Amino acid sequence: CVSTVRYTEPGCGSVDAEDILVSVKTCHKFHGTRIPVFKATSARNVKHIRYWSDVVDAAIPTQYAGVPNTESGHCAKLQRIIEIFGTEEEWKGKKWLVIVDDDTIMNFARLQRLLACYDPEEGILLGERYGFGVGYQGTGGYSYPTGGSGMILSRDAVKRVLRCRCSGPEAPDDMFLGGCFEYKARIPMIPSKSLHQTYPSQYSQEMLSHRYLVSFHKHNRQDPMEIFRNYLGGESETVDSNDEDIGEENCDLKQEL
C-alpha cells in the first residue's frame, strides 16, 4: 500500500477584496518597524484595512479601539475589534473579518482564493489550530486559532462571537475566541494548513512543499521580505524601516515600560 501527498491549490474562485476587512493589531513602538513591512507585503491588494493601535498615528493611519493596552493577552482589544465589525454600519456589507498581528506575513491574493471555498453565511472560524486541555482525561478542552497566523471569521461567526465576553482584558485573545466558539456557539473551529503561527524554518520543508501557503508569523530569524517572496509567492516592495526592534517582542505593556 502506497500513499502520496500532492500539492493542490484551491479551485473555488476568489473572494472579492471588497468583501474582506483586514484588522491589524499593533502598538506605537512598532509603527516604524513592522508596519512598513506589513504594508509592502501583507497589505498588498487589500482594499479595506484598519490598523488598531494604542495611539492614533495619522501617518499610517492607525486607529484607537478605545481599549487601554494591557500587560498581556489583549482580549478586550480583540473583542472590541470584533464588535466594531459586527455592529458598525460601515462594515455591514463585508463578509469576512481577518485579524492579524503587525508581524504576520500574508499573501492576500492567496487568502482570497482560500476563502472562496467557504460560505460566509455559515459560522466559520479559520486558523492554525492549537489546543488547550484537549483530551485531558477524555473531557474538556478546546481548540483555538493561533493569533499570529491569522484569525479569520465569517459574518455569521462574528454574530455568534458577539454573545461572548472576555474573562478579563488580559485574557489570551485567541484562546478566548476558541473557547467562545466551542462552548457558546457550539461550533468547532476549522483548522487550516495554509496558515502558520511561526516562520518557515520551524516547519519541515518537505511538509511545506505540499501545502498551499498563505501566511507565516514573526520577523525575527528569517527576513520577512524573503519569506513573502520565496514561500508565499509575493512580489514585495522596497521597505524603508528602522529594524532595531523588529524581533519577537510584542505589544505587552510590561515590555514598553
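Here is a yes/no grid of residues against (1) touching a strand residue (DSSP E or B) at 6+ places or on another chain (Cβ under 9 Å); (2) of a type in the set (A, V, I, L, M); (3) within 17 Å of PRO188 (Cα to Cα); (4) without any contact (Cβ under 8 Å) to a residue 40 or more places away in the chain:
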| residue | (1), (2), (3), (4) |
| --- | --- |
| THR41 | yes, no, no, no |
| SER53 | yes, no, no, yes |
| ILE60 | yes, yes, no, yes |
| GLY66 | no, no, no, yes |
| THR87 | no, no, no, no |
| VAL98 | yes, yes, no, no |
| THR104 | yes, no, no, no |
| SER143 | yes, no, yes, no |
| SER149 | yes, no, no, no |
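Within segment 194-207, being closer than 25 Å to ARG34 by Cα and not hydroxyl-bearing (Ser, Thr, Tyr) holds for LEU195, HIS196, GLN197, PRO200, GLN202. Selection over segment 19-56 of residues that are touching a Cys at 6+ places or on another chain (Cβ under 8 Å) and part of a strand (DSSP E or B) gives a count of 2.
Restricting attention to segment 53-90, the residues that are open to solvent by less than 10 Å² (accessible area, probe 1.4 Å) and not aliphatic (A, V, I, L, M) total 4. Residues being at pLDDT 80 or above and either hydrophobic (A, V, I, L, M, F, W, C) or open to solvent by less than 10 Å² (accessible area, probe 1.4 Å) (or both) are represented in segment 127-143 by at least one member. Might you let me know whether segment 33-49 holds any residue that is more than 23 Å from LEU213 (Cβ to Cβ), modelled with pLDDT of 95 or more and of a type in the set (Lys, Arg)? No; the residues of segment 33-49 include none that is more than 23 Å from LEU213 (Cβ to Cβ), modelled with pLDDT of 95 or more and of a type in the set (Lys, Arg).
Confirm whether ALA157 is open to solvent by less than 30 Å² (accessible area, probe 1.4 Å), among the small types (Gly, Ala, Ser) and over 25 Å from LYS94 (Cα atoms). So ALA157 fails the test. Tell me, yes or no, whether segment 71-93 has at least one residue that is of a type outside the set (A, V, I, L, M, F, W, C), more than 23 Å from PRO169 (Cβ to Cβ) and within 17 Å of the chain's Cα centre (by Cα). Taking every residue of segment 71-93 in turn, none turns out to be of a type outside the set (A, V, I, L, M, F, W, C), more than 23 Å from PRO169 (Cβ to Cβ) and within 17 Å of the chain's Cα centre (by Cα). Considering (1) closer than 21 Å to CYS27 by Cβ; (2) at pLDDT 80 or above; (3) open to solvent by less than 30 Å² (accessible area, probe 1.4 Å); (4) not in a helix (DSSP H, G or I), the lone condition that GLY168 does not fulfil carries the number (2). Sub-6 Å Cβ pairs linking a first residue in segment 206-220 that is touching a residue at least 12 places away in the same chain (Cβ under 8 Å) and farther than 15 Å from ILE105 by Cα to a second residue that is among the basic types (Lys, Arg) and surrounded by fewer than 17 Cβ atoms within 10 Å (Cβ to Cβ), at least 6 apart or interchain, are ARG211/LYS193, ordered by first then second residue.
The values are calculated or read from the model by the stated rules, or taken from the named source; none is laboratory data. Here the structure is a predicted model, which means the values were calculated and not measured. Note that we place each Cβ from the backbone using ideal geometry, even for glycine, and neighbour counts take in every protein chain shown. Keep in mind that these areas ignore ligands, DNA and RNA; they rest on the heavy atoms of the full protein, side chains included. Shrake-Rupley method; radii C 1.70, N 1.55, O 1.52, S 1.80 Å.
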